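The values are calculated or read from the model by the stated rules, or taken from the named source; none is laboratory data. Since we're looking at a predicted model, the values are computed, not measured. Neighbour counts run over all protein chains shown; Cβ positions are idealised from the backbone, glycine included.
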Amino acid sequence: METYYIELFDGKKRVSKEKLRVEDYDEVLKRVAELMDTPYRIEIFDAVAYRNRHKDDIAL
């Protein structure tokens, strides 16, 4: 089982977040296809990328 996160953004503000545990990435793509009718920007992350998505933003 793999974990993926789908986030929907309206400009810079996140309006929705979904956590999917799936066997196959095709299931994630099916869910994204359902969301294509929304006016929001869609971002998909796997679990590792989601944990590290703001790592570069940290000031040293």
Task: Conditions (1) at pLDDT below 90; (2) more than 11 Å from the chain's Cα centre (by Cα): number failed by Arg53 - done: (2)
Task: segment 1-47: number of residues that are of a type in the set (Val, Ile, Thr) and in contact (Cβ under 8 Å) with a residue 40 or more places away in the chain - done: 2
Open item on the list: With the structure loaded, tell me whether Tyr50 is without any contact (Cβ under 8 Å) to a residue 40 or more places away in the chain and of a type outside the set (D, E, K, R) or whether it fails that test.
Closed with: no
Open item on the list: Need a quick list: strands (runs of 3 or more DSSP E) entirely within the chain having at least 3 residues that are loosely packed, with under 13 Cβ neighbours inside 10 Å.
Closed with: 13-22
